[in-house]
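Only the coordinates and a few stated rules stand behind these numbers; no lab work does. As the structure is a computational prediction, the values presented were derived from the model and not from experiment.
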Amino acid sequence: MRYSKRLELFEKIRGQYTGFLTATLWKLTGDSDLFAEAFQYALLAIWMNLEKLNGPQAGAYIYRIALSANSKSWRNRAGKNGQLPNAVIAKSPTGDAIDEETLILVRKEIAKLPEQQSQAIVMRYIEQNDYQSIAGKLNCTEDTARSHVSKALNTLRNNLASMNESES
């Protein structure tokens with residue numbers, strides 16, 4: 001595809017999905033720095049995958065791009081050892097009164113999950129999607145979506161419980 005045609009298509013897709021991408025990434029990150037980083041990753045992924053975004057499944061594909069961009073920005077923030085810097089303070093995107101330390105810990109653990117599991121748990125419990133919707137967005141069966149959520153929950157429960165026991 002010629003560069004001018006590619007640029008034209010990118011601008012069309014960006015214009016069409018910017019609101020959706022912005023809302024989704026803000027719900028996922030809840031932090032302006034993480035949001036900015038994830039948004040840049042998402043735009044880059046859109047540019048690199050323009051050919052795939054010209055069909056009827058573009059919205060689902062862009063949603064998956066947003067989830068991947070969020071995961072990547074959290075992994076970058078946490079670093080290779082999984083430790084968040086002390087200066088990082090996450091705020092609840094819903095404005096709920098949640099212990100900030102707990103919120104940071106849970107987000108860090110979600111970022112450590114395999115990509116499909118982290119995407120599924122975010123879609124199920126943060127975005128309140130049903131399993132049919134999750135399956136469509138992850139391009140898998142409904143049973144597989146349930147499995148991703150179940151495995152993610154079990155891993156999170158075990159990891160958070162073991163951290164709690166080690167602190168006691």
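With a bin width of 10 angstrom, please list the P(r) values of segment 7-54 as percents of all Cα-Cα pairs, from the 0 bin to the one holding the largest distance.
Per 10 Å bin, starting at zero, the Cα-Cα P(r) for segment 7-54 comes out as 27, 53, 20, 1 percent.
What pairs in Lys12/Lys72; Lys108/Lys137; Lys112/Lys151; Lys27/Lys72 have C-alpha atoms more than 20 Å from each other?
As for pairs spanning more than 20 Å Cα to Cα, those are Lys12/Lys72; Lys108/Lys137.
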